[in-house]
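*Asks:* Below are the C-alpha cells for one structure; questions will follow.
Laboratory data are not the source of any read-out in this text; all were calculated from the coordinates shown. Just so it is clear, the model here is predicted, and its values are computed rather than measured. All Cβ positions, even for glycine, are placed from backbone atoms using ideal geometry, and neighbour counts span all protein chains on display.
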C-alpha cells in the first residue's frame, strides 16, 4: 500500500522472510511502514531495531509519554499514518478523549499536566523549529524532573518520528482500519 513496489509476506525470501516472520511472532503482523522497506531488508532490520529500542527499551519515559511524543510529532508533520497508528497505541494508556484529541492535533499542549506538557511541547518545537532550539529549552524539561537520559530519549523519539513521517509521506504509505489494530505491545 505505497507508491513503490513491495514484497508481500507470502513472497518473501531469505533475510526479508526472516524479518517478516519475527515481526509476525513479536508484533502480530507486519505494518505497512515496515513493508515499504521490503526492497531493502537490511534497512528494514535497522529501522526495526531502532524503533524497538527507543519505544520499548529501558527508559525513564513511560510508554504513554513515548507514544505521545510520536503522536504530537506526527500531528505537527501532518502524517496521518503515524498519528492514527500511535494514537491507537496511546489509547491503551490515556483514556481521556480530550487529552487524546490535544495530542492528535498538537493543539492545547500547554494545558496538559506539566511533565507531559513539557515533553510534547519540546518534541513539537524540535519538529517545527529545530534551528530555534536552545540549551534553555532543556531547563524546562529538567524543571519537571526529567534527567539527561530522559531528554536524550525525548530527542531520539522525536527525531525518529520525523524520519518515519517522511518515509510514510514520501512513499505514500497508506493504512486501513484493519491495519491500525491488532499489534502486540511487547
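*Asks:* Between residue 17 and residue 176, 0.36 nm times their residue separation minus their Cα-Cα distance comes to what?
*Replies:* Working it through step by step, the gained length comes to 54.9 nm.
*Asks:* Using the alpha-carbon atoms, what tilt in degrees (0 to 90, nearest 10) does helix 148-170 show relative to the longest principal axis of the chain?
*Replies:* 50 degrees
*Asks:* Going by alpha carbons, how many degrees (0 to 90, nearest 10) lie between the helix axis of 14-27 and the longest principal axis of the chain?
*Replies:* With rounding to tens, the tilt is 50 degrees.
*Asks:* So, one more: What length, rounded to one decimal in nm, is gained on full extension from residue 128 through to residue 147, with 0.36 nm per residue of separation minus their alpha-carbon distance?
*Replies:* Extending this stretch completely gives an extra 4.5 nm.
*Asks:* Let me ask something additional. Apply the Debye scattering formula to the range 9-57, with a single equal point scatterer on each alpha-carbon and no solvent, then give log10 I(q)/I(0) at q = 0.25, 0.27, 0.28 Å⁻¹.
*Replies:* With no solvent term, the Cα-only Debye profile gives -0.95, -1.11, -1.18.
*Asks:* Report the extension gain between residue 25 and residue 4 in nm, rounded to one decimal, defined as 0.36 nm multiplied by the number of residues separating them, less their alpha carbon distance.
*Replies:* 5.0 nm
*Asks:* Once you place label points 7 Å from the Cα toward the Cβ at residue 84 and residue 111, how far apart are they in nm?
*Replies:* Output for this residue pair reads 2.7 nm.
*Asks:* Treat the chain as a sphere of radius equal to its Kirkwood radius over Cα pairs and apply Stokes-Einstein at 4 °C in a medium of 1.567 mPa s; give the translational diffusion coefficient in µm²/s, rounded to a whole number.
*Replies:* Here the translational diffusion coefficient equals 76 µm²/s.
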